[in-house]
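The values are calculated or read from the model by the stated rules, or taken from the named source; none is laboratory data. Since the model is a prediction, treat every value here as computed from it, not as a measurement. Positions of Cβ are generated from backbone atoms using ideal geometry, with glycine treated the same way; all protein chains shown enter the neighbour counts.
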Amino acid sequence: MKTEDILAKEDFQKCVDFHGHLCPGLSLGYRASQAGLKWLRAARASDEEIVAIVETDACCADAVQVMTGCTFGKGNFIYKDHGKIAFTFLNRESGNGVRIALKPDVMPGDERHAHLIKKIQTDSATESEREEFKKLHKKRSLEILEMPIADLFNLNEAKIEVPSKARIEPSKPCGRCGEPTMASKLSDLNGSLICRGCQTSL
Ligand SMILES: [Zn+2]
Ligand SMILES: [Zn+2]
């Protein structure tokens, strides 16, 4: 599919709107989600039938939420702090899953791009450097949209026990701040049940 066609697609636009900008990470998350959904032969999860496990909290994670319908609040979007561009998509009913991980050396080292990122992060970029960065950033985002999926990611069948559905349990007031708290998150401190927030500020 041509880049202009992908950019015009409603699902891609939704990802950009949700995330706030177009960037290489968003493109990666979009492509990985598409590949994952294809593997699962499933439509967008309306409730909890798909589970997504993301191993990064970078830009790509936002595209995964939009594309799969898995969200943090439903308990079917699980974050593992592994610092890897890797995603696992599971179908809760069939138990089929796939792990999609970025191949090494996919993103050819672009020294100019890296240099500009550094300048922007340290607030020392000039206006023209900022413009140059924007152009390079967009170019990379578009390249990722066009690349064959096999050049971007390794896809491997995943066998993971499907995590349990979002838990709903009654709350009890914390013995210190009085705020209603999930009972399983309270712990005993000198005979009264204290929430985690109060424990860390004690
Ligand atoms: Zn981004
Ligand atoms: Zn408390």
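Can you name the number of the only condition in (1) of a type in the set (Gly, Ala, Ser); (2) surrounded by 19 or more Cβ atoms within 10 Å (Cβ to Cβ); (3) part of a helix (DSSP H, G or I) that Ala52 fails?
Going through (1) of a type in the set (Gly, Ala, Ser); (2) surrounded by 19 or more Cβ atoms within 10 Å (Cβ to Cβ); (3) part of a helix (DSSP H, G or I) one by one, Ala52 breaks only (3).
Cβ-Cβ distance below 7 Å, separation of 6 or more or different chains: which pairs start in the range 177-193 with a residue that is among the small types (Gly, Ala, Ser) and end on one that is more than 10 Å from ligand 2 (Cβ to nearest atom) and outside any strand (DSSP E or B)?
Ala183/Glu169; Ala183/Pro170; Ser184/Glu169
Quick one: which of Asn190, Asn156 is of a type outside the set (Gly, Ala, Ser) and closer than 30 Å to Gly29 by Cβ? Show your work before the answer.
Details: Asn190 fails: closer than 30 Å to Gly29 by Cβ.
Residue meeting the stated conditions: Asn156.
Could you tell me which residue of the range 161-202 is farthest from ligand 1 (Cβ to nearest atom), considering only residues that are farther than 19 Å from Phe72 by Cα and of a type in the set (Val, Ile, Thr)?
Step by step, filter the range 161-202, then rank; the result is Ile194.
Conditions: (1) in the same structural domain as Tyr30 (by TED's automatic domain parsing); (2) more than 16 Å from ligand 1 (Cβ to nearest atom); (3) part of a helix (DSSP H, G or I); (4) of a type in the set (Gly, Ala, Ser). Ser141 meets all but one. Number of the miss?
Every condition holds for Ser141 apart from (2).
Give me the pairs: first residue in the range 129-152 and closer than 20 Å to Ala63 by Cβ, second residue surrounded by 13 or more Cβ atoms within 10 Å (Cβ to Cβ) and among the polar types (S, T, N, Q), beta-carbon distance under 6 Å, and six or more apart or on different chains, which are they?
Note: pairs meeting the criteria are Ser141/Ser27; Leu142/Thr3; Ile144/Ser27; Leu145/Thr3; Leu145/Ser27; Glu146/Thr3.
Please pick out the residue among Lys80, Lys84 that is in contact with a Ser or Thr (Cβ under 7 Å, 6 or more places away or on another chain), charged (D, E, K, R) and more than 16 Å from ligand 2 (Cβ to nearest atom).
When all the criteria are applied, what remains is Lys84.
Got a number for residues in the range 1-35 being over 13 Å from the mean Cα position of the chain (by Cα) and more than 9 Å from ligand 1 (Cβ to nearest atom)?
18
Just to check your reading of the model, which residue among Glu93, Glu129, Glu111 is surrounded by 13 or more Cβ atoms within 10 Å (Cβ to Cβ), more than 22 Å from His19 (Cβ to Cβ) and among the acidic types (Asp, Glu)? Outline the logic, then answer.
Working: Glu93 fails: surrounded by 13 or more Cβ atoms within 10 Å (Cβ to Cβ); Glu111 fails: surrounded by 13 or more Cβ atoms within 10 Å (Cβ to Cβ).
Step by step, each of Glu93, Glu129, Glu111 is checked, and only Glu129 is surrounded by 13 or more Cβ atoms within 10 Å (Cβ to Cβ), more than 22 Å from His19 (Cβ to Cβ) and among the acidic types (Asp, Glu).
Please state which one of Ile160, Ile149, Ile194 is within 16 Å of ligand 2 (Cβ to nearest atom) and of a type in the set (Val, Ile, Thr).
Working: Ile160 fails: within 16 Å of ligand 2 (Cβ to nearest atom); Ile149 fails: within 16 Å of ligand 2 (Cβ to nearest atom).
After applying the criteria, what remains is Ile194.
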